[in-house]
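Take a look at the structure set out below.
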Amino acid sequence: MTRNRILLAVLLAALALGPLVLAEFHITLLNYIGLYAMVALGLVLLTGVGGLTSFGQAAFVGLGAYASAYLTTAHGASPWLGLLAGLALTAAVALLLGAITLRMGGHYLPLGTIAWGISLYFLFGNVEFLGGHTGISGIPALTLFGQELKSGRDFYYLIWFVLLVLVLATRNLLDSREGRAIRALKGGALMAEAMGVNTPRSKIVAFTVAALYACLSGWLYAHLQRFVNPTPFSLNMGIEYLFMAVVGGVAHVWGALLGAGIITVLKQWLQDWLPGLFGQSGNFEMIVFGLLMIFILHRAREGLWPLLLRLFPGSVAHRPPPAAAEPLPRRTLPPAGTPLLEVREASKRFGGLLANDRMNLTVKAGEILALIGPNGAGKSTMFNGISGVDPVTSGSVSFLGERVETLPAREIARRGMSRTFQHVRLLPAMSVLENVAIGAHLRGARNFVHAALHSERGEEARLLHEAAGQLVRCDLAEHLYDPAGSLPLGKQRIVEIARALAADPCLLLLDEPAAGLRYLEKQALADLLRRLRDEGMGILLVEHDMDFVMGLADRVVVMEFGKKLAEGLPDEIQRNPLVLEAYLGGVE
Amino acid sequence: MDLQIALLLGQDGITNGAIYALLALALVLVFAVTRVIFIPQGEFVAFGALTLASLQAGKLPGTLWLLLGLGAAVALVEVASALRDRHTRRIPAILLLNCVLPLILAGLLFVLSPANLPLALQVVLSLVLVVPLGPMIYRLAFQPIAEASVLVLLIVAVAVHVTLVGLGLLFSFTFGETLLQGQTILVVASSAVLIVALYFFFERTIHGKALRATAMNRTGARLMGISASMAGKQCFTLAALIGAFSGVLIAPITTIYYDSGFLIGLKGFVGAIVGGLASYPVAAAGAMLVGLLESYASFWASAFKEVIVFTLIIPVLLWRSLKTHHVDEEE
């Protein structure tokens, strides 16, 4: 048992024994911290992990509270029915808002949630059957195991049990295939999409889960207070929730608890103290919170939890590679010589610039085709057009006999094409192993509910085993658990290849894989690519190192100014006068 | 509703819409140049209106204390950075700009008894009090993290907003009647003039072009000798000017409290979002639409006025989302 686990056990014991010794006032405070932490936990998933944000979480809390308050008082329904109705309503609203705003730039979601938070607040306050600004009173208490939860003390265990379950579920979710997809949203959406991740779906999942956490908190709140009015669900409270997450540590599950605790206690204290200081009443604590936020975002953007962690460093035990698991099923590769990729008359226009001009090329199974050309010839643009990352303007791209030029990148990836990027796109803070496992995203199927319950461990073990296998194959076995960003650039390129291989592709697109490699590493890479070719994979390669290309490629296509300049066997290309002129300049 | 009411409502809507249009322009400007979604824009409206009202009521405006406080804070930060860089020669200018000038202004306010000044001078005094807050806020809150992601900048903007609202309450701004006449024409005309002026500023002057260059590519602009922090300060000054001026214009039409600015600013936002936070004319048109919608909504369903206005953002966002289809890469 490590020291941190002991600390956690002490904390849990303190939580369990707290009500036996604490005064009513402290119980109430802890209840509120628990309720707020649930909402902040959703924001950790959304903001800290997913890179999206919402100021409208308080409105979701309100939906949960009002749904149950209305159904139980007006229709005498059971609070449990109220909970279900609240969750359904919240999910519907979150899905709608998410579907509308999440496809656009990151800042439309927060703006949308500000507007939605204000709308809902005014709606609560003006709708008659919800009691207007006076609210709804006489909400029945919850009954659990035949026991009516009437006091804050009774509620305490329920709130903290729910919170700890949510913490556990969130941790489980993040440590899974779906979780990796959500973690990739922040700074790796384009890469994730090329690996087959449906990024809009991942965003909506994160947003909806966060909304549901808030709704649950609202339901508990309504039955704890037995009274609701619009005030606690205003935009200001929505802003406060975000402050809690940011102060605590927005990328850390426990940061939500820390932040909720700090802000709640601080608010209590400031509300007692500031009005006396200023000689008038008002929400002056917001001045302090605002300044605190600015300071934290300037000086410790990760929040306070990582600073706390530094005081309690965990033991850096050597972790063994993932346990052996049943290998994932593999795609049957087409027989050697079958045309995999056929690009016909493909052009790509950026405004006035024609980056690809009626390009044609074919890649067959079991061959390495090298695409070479001077800088700016349009090779990477061609790659983006083929892989759907940035589709071609006109012309056709056929993969395995199917037209794919209008499909999104993730659909092309699903059909068996995988790629690397010229500018390395890894998630630097994530381990090498997990980065590679993103490549195998499409080879798993269990969804986020299974992930939260960790009932997908069998599949997860197979995915990680596959990722580790590809890393071993690429000579990176000693780096499995290193953060990807800590590797030298050349090795990061190889991690990209391992990630592409984890997708089990039949066509591999490699954009300058040998750049930054030393001589021996280049040889090892060439051997690996030859083995893959001999297994029947088709490889399209962009590379500047001519020794590497000419010794490896079966055929070569030369590009210049977006057009195909020449095509042929390596020997022919090396003697082609047009190619020599393009590379070395003409003889005047 | 008869024609007369419809016309009155239309006039009301156009007046408010013109104000929202101005704010929308400021928001687009600030976002384009600094990537800050400037939530506190509305606070400048409230500060402008309340400062003018205080001056007319013969009271010392609370914004003066804000100006002195922020000036001192900026001076502290700037002097510290000057000492660190061993640029001690810059210190007198820093102190003059951030401490001495606000103090002179304070002295003037004590001596002049502004309640007796002509209206035009009162307006100028209000602007002089409020506008410097813009670049000061940029210097303190945004310049140190100018390279951060849009998301972080947005959260800081919200933090600045709640701080300013709290301070607004603390300095207990009061509201009094101001005495501008012919409001609608004045508002619409000033908006039109400002919009045209902004157009010429961005299209025809080297400063405007520099700001646009910074908006498109910060690093590139810096390599061309354009200071990104100077550009940031300039556009925050412009935004504060637009905000405070809107406040002066709107004061007689609407009751302004210390926290009224937020909702007014957000309505400008709805307009700006119609323009995708990028297009000035579309943003202005969107803001006019918001004003008209608000005005007619207040007639038919006054309790749900805000709900209707802010729900408008949903179809707008839907329309914008159908127009974009690419995977964006967050910074």
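The values are calculated or read from the model by the stated rules, or taken from the named source; none is laboratory data. Just so you know, these numbers come straight off a predicted model, no measurement behind them. Reconstructed Cβ throughout: ideal geometry from the backbone, glycine too, with neighbour counts over all protein chains shown. What goes into the accessible areas is simple: the full protein's heavy atoms, side chains included, and nothing from ligands, DNA or RNA. Shrake-Rupley method; radii C 1.70, N 1.55, O 1.52, S 1.80 Å.
Taking +1 at the Cβ of each Lys and Arg and -1 at the Cβ of each Asp and Glu, which of A:432, A:110, A:336 sits farthest along the dipole of the protein assembly as shown towards its positive end, judged by Cα position relative to the Cα centre?
Most positive-ward Cα: A:432.
So how tilted is helix A:489-502 from the main axis of chain A? Cα-based, degrees 0 to 90, rounded to 10.
On a 0 to 90 degree scale, this one is about 80.
Place +1 on the Cβ of every Lys and Arg and -1 on the Cβ of every Asp and Glu in the protein assembly as shown, take the dipole about the Cα centre, and give the residue among B:76, A:558, B:132 whose Cα lies farthest towards its positive end.
Of B:76, A:558, B:132, it is B:76.
Could you compute how much accessible surface residue A:344 exposes when probed at 1.4 Å, giving the result in Å² to the nearest 10?
So the heavy atoms of residue A:344 present about 90 Å² to solvent.
Once R0 is set to 30 Å, what does the formula 1/(1 + (r/R0)^6) return for the Cβ-Cβ distance between residue A:143 and residue A:95, expressed as a FRET efficiency to the nearest 0.05?
So, using R0 = 30 Å, E works out to roughly 0.45.
Listed highest first by mean packing, meaning other Cβ atoms within 10 Å per residue, what order do A:377-390, B:44-57 come in?
Ranked by mean Cβ neighbours within 10 Å, highest first: B:44-57, A:377-390.
Once a ≥ b ≥ c are taken as the square roots of the eigenvalues of the Cα gyration tensor of the stretch A:368-505, is the result rounded (a/c under 1.5), prolate (a/b larger than b/c) or oblate (a/b not larger than b/c)?
Taking the square roots of the gyration eigenvalues as a ≥ b ≥ c, the stretch A:368-505 is oblate.
Helix A:152-174 sits at what angle to the longest principal axis of chain A, using alpha carbons and giving 0 to 90 degrees rounded to 10?
0 degrees
Tell me, what HN-Hα J-couplings in whole Hz come from the Karplus equation 6.51 cos²θ - 1.76 cosθ + 1.60 at θ = phi - 60° for each residue of the stretch B:72-89, using x for Gly and Pro?
My calculation for the stretch B:72-89 gives 4, 5, 4, 4, 4, 5, 5, 5, 4, 6, 5, 5, 5, 7, 6, 9, 5, 5 Hz in order.
Could you give me the ³J(HN,Hα) list for the stretch B:294-304, computed from phi with Karplus coefficients 6.51, -1.76, 1.60 and θ = phi - 60°, whole Hz, x at Gly and Pro?
4, 5, 6, 5, 5, 7, 7, 8, 4, 5, 9
Whole-Hz ³J(HN,Hα) for each residue in the stretch A:537-546, computed from phi via Karplus 6.51 cos²θ - 1.76 cosθ + 1.60 with θ = phi - 60°, x for glycine and proline: what do you get?
Once θ is set to phi - 60°, the couplings for the stretch A:537-546 become 7, x, 10, 10, 10, 9, 7, 9, 6, 5 Hz.
Counting only other residues whose beta carbon sits under 15 Å from that of residue B:25, what net charge do I get with K and R as +1, D and E as -1?
Local net charge: +1.
Determine the dipole magnitude for chain B: charges of +1 sit on the beta-carbon of Lys and Arg, -1 on that of Asp and Glu, nothing else is charged, the reference point is the Cα centre, and the result goes in debye to the nearest 20.
960 debye
What do you get when you divide the Cα radius of gyration of the protein assembly as shown by 2.2 N^0.38 Å, with N the number of residues?
Here the answer is 1.04, to two decimals.
Given the C-alpha centroids of the stretch B:261-298 and the stretch A:117-174, what is the distance between them in whole angstrom?
When both Cα centres are located, 35 Å separates them.
Can you pull a Stokes-Einstein diffusion coefficient for the stretch A:285-428 at 10 °C (1.306 mPa s), Rh from Kirkwood over Cα pairs, as a whole number of µm²/s?
Result for D is 80 µm²/s.
At a 10 angstrom cut-off on C-beta neighbours, averaged per residue, how do the peptides B:103-109, A:427-433 rank from highest to lowest?
Per-residue Cβ counts within 10 Å, averaged per peptide and sorted highest first, yield A:427-433, B:103-109.
What is the mean number of Cβ atoms from other protein chains located within 10 Å of the Cβ atom of each residue in peptide B:138-146, rounded to a whole number?
2
Keeping all protein chains in place and using 1.4 angstrom, which order do A:160, B:319, A:269 fall into by accessible surface area, from largest down?
Reading off the accessible areas and sorting them downward yields A:269, B:319, A:160.
Taking H placed 1.01 Å from N in the peptide plane, check which residues at least 5 places from residue A:430 or on another chain put their amide H under 5 Å from its amide H.
Under 5 Å from the amide H of residue A:430 lie the amide H atoms of A:484, A:485, each far enough along the sequence or on another chain.
Run the dipole for the stretch A:3-311 about the Cα centre, Lys and Arg Cβ at +1, Asp and Glu Cβ at -1, nothing else charged, and hand back the magnitude in debye, nearest 20.
I would put it at about 860 debye.
Can you list, bin by bin at 5 Å, the percent of alpha carbon pairs in the stretch B:181-246, starting at 0?
Histogram of Cα-Cα distances, whole percents per bin: 4, 16, 21, 22, 14, 10, 7, 3, 2, 1.
Would you mind getting the accessible area per residue of the stretch B:3-323, heavy atoms of the protein chains only, 1.4 Å probe, in Å²?
On a per-residue basis, the stretch B:3-323 sits at 40 Å².
What quantity of accessible surface, computed with a 1.4 Å probe and excluding non-protein components, is buried in total between chains A and B, in Å² to the nearest 100?
4300 Å²
Excluding ligands, DNA and RNA, what is the solvent-accessible area per residue of chain A at a probe of 1.4 Å, expressed in Å²?
Result: 41 Å² per residue.
For peptide A:392-399, how many partner chain Cβ atoms fall within 10 Å of a residue's Cβ, on average?
0
Give the average, rounded to an integer, of partner chain Cβ atoms located within 10 angstrom of each Cβ in A:184-190.
3
Which shape class applies to the stretch B:61-186: rounded if a/c is under 1.5, otherwise prolate when a/b exceeds b/c and oblate if not, where a ≥ b ≥ c are the square roots of the Cα gyration tensor eigenvalues?
Note, shape of the stretch B:61-186 comes out oblate.
Mind giving me the FRET efficiency for residue B:204 and residue A:584? R0 is 41 Å, r the Cβ-Cβ distance, nearest 0.05 is fine.
About 0.30, to the nearest 0.05.
Round to the nearest 0.05 the FRET efficiency obtained for residue A:331 and residue B:90 when R0 = 56 Å and r is the Cβ-Cβ distance.
Between residue A:331 and residue B:90 the formula returns 0.30.
Expressed as a fraction of 2.2 N^0.38 Å, the rule-of-thumb size for a compact globular protein of N residues, what is the C-alpha radius of gyration of the stretch A:358-425?
Working it through for the stretch A:358-425, the quotient is 1.09.
How would you classify the stretch A:16-83 from its alpha-carbon gyration tensor, with a ≥ b ≥ c the square roots of the eigenvalues: rounded for a/c under 1.5, else prolate if a/b is greater than b/c, otherwise oblate?
In terms of gyration-tensor shape, oblate.
At 1.4 Å probe size, with the rest of the protein present, what percent of the exposed accessible area of the stretch A:3-311 is carbon and sulfur atoms?
67 percent
Mind checking the dipole of the stretch A:201-332: about its Cα centre, +1 per Lys or Arg Cβ, -1 per Asp or Glu Cβ, Debye to the nearest 20?
Dipole size: approximately 620 debye.
To check you understand DSSP bridge types, tell me what percent of the beta bridges within chain A (both residues inside) are antiparallel, rounded to 5.
Here the antiparallel bridges make up roughly 60 percent for chain A.
Per the 1.4 Å probe, what fraction of the accessible area of the stretch B:3-323, in percent, lies on carbon and sulfur atoms?
The nonpolar share, carbon plus sulfur, comes to 71 percent.
Hey, can you grab everything whose amide H is under 5 Å from the amide H of residue A:356? Only 5+ residues off in sequence or another chain; H modelled, so Pro and N-termini drop out.
A:348
Report, to two decimal places, the Cα Rg of the stretch B:3-323 normalised by 2.2 N^0.38 Å (N = number of residues).
Taking N as the residue count of the stretch B:3-323, the ratio is 1.00.
Kindly report, to the nearest 10 Å², the accessible surface of residue A:274 as traced by a 1.4 Å probe over protein heavy atoms only.
Looks like 10 Å² after rounding.
Leaving ligands, DNA and RNA out of it, work out the accessible area of residue A:319 with a 1.4 Å probe and give it in Å² to the nearest 10.
The accessible area comes out at roughly 140 Å².
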